[in-house]
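The values are calculated or read from the model by the stated rules, or taken from the named source; none is laboratory data. The shown structure was predicted, so the numbers you read here are calculated from the model rather than taken from an experiment. With ideal geometry, Cβ positions are generated from the backbone for all residues, glycine too; neighbour counts draw on all protein chains shown.
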Amino acid sequence: MRFVTFSTSQLPTPHLGLLRDDEVLDVDLAGRALKQDVPDQMLDLIDNYEHYRPALDALLEKAGKRRFSEVKTYTDIGAVHALSEVELAAPIPRPRKNVICLAVNYSEHAKETAGVREHKGEIPQIPVFFTKATTSVNSPFGTVEIDPSVSTELDWEVELGVIIGKRGKNISEEEALSYVFGYTVLNDMTARDLQSNHKQFFKGKSLDGTCPMGPCIVTADEIPDPQNLGIRLRVNGVTKQDGNTGMMIFSIARSIAILSKGMTLEPGDIIATGTPSGVGFSRKPPEFLKPGDVVESEVEQIGTLRNRIVEAGK
C-alpha cells in the first residue's frame, strides 16, 4: 500500500490517505462508509498496522481493479480526491523523535568528500550516525527557506528513508527488515558552513525545513528488495546525483541491527540511509543552493520530491 498525509480546502487538517495512481482516498471517510475501524493519522496507522490491516484491505477490495473515483460509495461521500488537487504534507509531519541519519554510507560519496573531510576517503568500518531535529521536516513539495545571515552553503543529499514499524532492541540482521513498516524519500539538506564551524553534524543538519520527505510511504511488502532502487537528484533539471541503493556500504538490515544494539527502536522512527556521490560541497568549484533553484529528489518505486528554494522573508 501507499500512504500519504494530505489536506484539502474543505479539510485543512492533515490526515491519512491511500494513494493509488493519481488519486487519494480519504481513509477515515471511506472507513465510515464501509463501517470499518480505520486510522486517521499516519502514526496511529504505523503503531497499530496489524490491527488496521483487515479494514484497509476491505477499502481496497471495495474498489477492486477500478479507480477509486469509479466507486460510487466513495464518490458520494467525497472520499476521493485527485492527487493534483490535494496538498501533501510530509508522511509523518512531526516525528516523535529526531530523524536518525547515516553519514558516508556510499563508497563513492566517501571518496568525493575525502579532500574536505577528515576521514580521507576511507570506507568506515562501523556506521556513522547523527540526527536531524524534528523541526527540520518539510513537505514533499514545500519551499525551503535560505537565510543568508544563518548559512550561505546549503547543500543537497537525496536519501532512501526507512520507517520502523515495530518496537525492537538488539535486532538481528536476519530479522531486521521485518521491523520495517515502509520506505520514503528524503532530502538531507545540509548547511555545510555550519557543519564545518560547529565541528559536528547536528546544527548544520537541523535548520527548519531542511528535511523534505515523501511524497508517500510505500509499505515494505511492495518493495521486497530495498537494496536495488535507483536514487537520483536534480537541481533545475540538471542531474547531480545518480546511484542505486545497492551501493550502500552498510545495508539497511545491517544498519538496523547495529543501531538497535542496546537501543530500542520504536514504530514511527525514521532512518535516513545515506546519500550517493554528487553533493555540492565536494564539487570543484563547490556548488550550493540559491533562491529560485528547484530540487527534485527521486527514489525508484516511491516517488519524487520537488522543493523550491526561497530567501527568508521574501
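Entry remark, segment 169-193: residues being in contact with an Asp or Glu (Cβ under 8 Å, 6 or more places away or on another chain) and more than 24 Å from GLU298 (Cβ to Cβ) number 1 in total. In the set (1) of a type in the set (Asp, Glu); (2) surrounded by fewer than 21 Cβ atoms within 10 Å (Cβ to Cβ); (3) more than 20 Å from VAL185 (Cβ to Cβ), ASP22 fails one condition alone, (3). Residues that are farther than 19 Å from ARG53 by Cβ and either free of Cβ contacts under 8 Å to residues at least 40 places away in the same chain or surrounded by 22 or more Cβ atoms within 10 Å (Cβ to Cβ) (or both) within segment 167-183 comprise ILE171, GLU175, ALA176, listed in sequence order. Return the residue satisfying two criteria in turn: it lies in segment 38-81 and is among the aliphatic types (A, V, I, L, M) and surrounded by fewer than 18 Cβ atoms within 10 Å (Cβ to Cβ), and of such residues it is farthest from ARG167 (Cα to Cα). Within segment 38-81, the match that is farthest from ARG167 (Cα to Cα) is ILE77.
Considered as a group, the residues in segment 295-314 that are assigned to a strand (DSSP E or B) and over 18 Å from the mean Cα position of the chain (by Cα) include one that is surrounded by the most Cβ atoms within 10 Å (Cβ to Cβ), and that residue is ILE309. Evaluate the following for GLY274: is it surrounded by 20 or more Cβ atoms within 10 Å (Cβ to Cβ), within 24 Å of GLU174 (Cβ to Cβ), touching a His at 6+ places or on another chain (Cβ under 9 Å) and in the same structural domain as GLU153 (by TED's automatic domain parsing)? In short, yes. If you check PHE250, PHE281 for being among the aromatic types (Phe, Trp, Tyr), part of a loop (DSSP other than H, G, I, E, B), in contact with a Pro (Cβ under 8 Å, 6 or more places away or on another chain) and crowded, with 19+ Cβ neighbours inside 10 Å, only one passes: PHE250. Among the residues that make up segment 89-109, is at least one of them surrounded by 20 or more Cβ atoms within 10 Å (Cβ to Cβ), farther than 30 Å from MET248 by Cα and under 23 Å from the mean Cα position of the chain (by Cα)? The answer is no; no qualifying residue exists. Just one of the listed residues (ASP26, ASP47, ASP22, ASP37) is acidic (Asp, Glu) and without any contact (Cβ under 8 Å) to a residue 24 or more places away in the chain, and it is ASP37.
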